[in-house]
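What follows is a set of notes on a single structure, which appears directly below.
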């Protein structure tokens, strides 16, 4: 099915490509050295969700909650279950022995850091996105967000800055993590809504090359004046930590610069990718790629482990390979691209095979009902 908003199709595909690239130690030339992925790409997904969130005072809130919960939580549970099965096969040292306490602890992680299966840890983002969307939709149902857009934005900026302040000072406990992440993300969801309602048409008239160069220069200057150039980025939002900049406003500015940069880039040159089926399929399956790419890194590591047992590979750590899900063989810098291809293409292949299986199951079910 052709998508009506192809700009955001390309933008979401680009975002998930960045996720895989960041976990394979950045092999793609996507300005990572100036605008690090970790300075904006999770807020980017929230921004995209906010752009498509059209709940207002006349909306059926319960229906929206039901639809969003099913759309986000169903694939989350399915992907987590599949990953757990393969995690037992690939990393038995990490999984076994299993007891009731381990199971209960994994379920509880749904309400804390958000990932219930280690090898699918990037899925931490799904519960955070869901709770952010539901809170934002609740606010939009009872407050006219178009009429009160600026006061709402100011409120979201305040709670965003508060969440960063509390995180920097170690004041966020496990069971406040989910709410803290929502406080961090709400401003970006509202920014997506503001962009759709007020800014999209106006920004089409901007000089895009000039804006892109300006944003790059701003981040270069910021990197010079911050204690460490990488302070423009932030890590581990799933645990609300990794904010190294001394300024609590840094994550907000960094995120908005990164979102605006890639939004402008997509608006400028994205048309070349509007009719590419691979881009559309990638955009349709961002959750599958997010959930499965680390698993396919593991499959690649297992293949390397077997090769190493026959012909020793320089710098390959066979012990790390058996229990460290984040292990990458880094002896040859170019091999990072192999990890990227394995994570990205493997995830899409898994989704394709899953769809084929489900289509056959549905066909047989229809045939059976027809015969009856």
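The values are calculated or read from the model by the stated rules, or taken from the named source; none is laboratory data. What you are looking at is a predicted structure, and each value in this text was computed from that prediction instead of being measured. Please note: Cβ atoms are built from the backbone with ideal geometry, for glycine as well, and neighbour counts cover all protein chains shown.
Odds and ends about this structure:
- Scanning segment 204-221 finds no residues that are under 27 Å from residue 58 (Cβ atoms) and over 26 Å from the mean Cα position of the chain (by Cα).
- The set of residues in segment 268-302 being over 17 Å from the mean Cα position of the chain (by Cα), within 30 Å of residue 210 (Cβ to Cβ) and buried (at least 20 other Cβ atoms within 10 Å of the Cβ) consists of 270 alone.
- Boolean, residue 260 is within 18 Å of residue 156 (Cβ to Cβ) and assigned to a helix (DSSP H, G or I): yes
- The lone exception for residue 82 - which of (1) surrounded by fewer than 12 Cβ atoms within 10 Å (Cβ to Cβ); (2) closer than 23 Å to residue 322 by Cβ it fails: (1)
- Of the residues making up segment 88-134, those that are in contact with a helix residue (DSSP H, G or I) (Cβ under 7 Å, 6 or more places away or on another chain) and without any contact (Cβ under 8 Å) to a residue 40 or more places away in the chain number 5.
- Helices (runs of 4 or more DSSP H) contained entirely in segment 21-98, each with at least 1 residues that are more than 30 Å from residue 269 (Cβ to Cβ): 61-90, 92-95
- For segment 346-359, the condition of being at pLDDT below 95, surrounded by 15 or more Cβ atoms within 10 Å (Cβ to Cβ), in contact with a helix residue (DSSP H, G or I) (Cβ under 7 Å, 6 or more places away or on another chain) and in a loop (DSSP other than H, G, I, E, B) holds for none of the residues.
- Boolean, residue 70 is surrounded by fewer than 19 Cβ atoms within 10 Å (Cβ to Cβ), farther than 21 Å from residue 23 by Cβ and out of contact with any strand residue (DSSP E or B) (no Cβ under 7 Å at 6 or more places or on another chain): yes
- Taken over segment 302-332, the criterion of being touching a residue at least 60 places away in the same chain (Cβ under 8 Å), in a helix (DSSP H, G or I) and farther than 23 Å from residue 354 by Cα is satisfied by 322, 323.
- Hey, residue 107 surrounded by fewer than 17 Cβ atoms within 10 Å (Cβ to Cβ), modelled with pLDDT of 85 or more and outside any loop (DSSP other than H, G, I, E, B) or not: no
- Segment 144-154 - residue that is free of Cβ contacts under 8 Å to residues at least 12 places away in the same chain and either assigned to a loop (DSSP other than H, G, I, E, B) or touching a helix residue (DSSP H, G or I) at 6+ places or on another chain (Cβ under 7 Å) (or both) and, of those, surrounded by the fewest Cβ atoms within 10 Å (Cβ to Cβ): 147
- So residue 242, is it surrounded by fewer than 21 Cβ atoms within 10 Å (Cβ to Cβ) and within 19 Å of residue 35 (Cα to Cα): yes
- Residues of segment 160-176 that are in contact (Cβ under 8 Å) with a residue 60 or more places away in the chain and in a loop (DSSP other than H, G, I, E, B): 172 alone.
- Only one entry of 157, 194 meets the criterion of being surrounded by fewer than 22 Cβ atoms within 10 Å (Cβ to Cβ), closer than 15 Å to residue 259 by Cα, touching a residue at least 24 places away in the same chain (Cβ under 8 Å) and touching a helix residue (DSSP H, G or I) at 6+ places or on another chain (Cβ under 9 Å), and that entry is 194.
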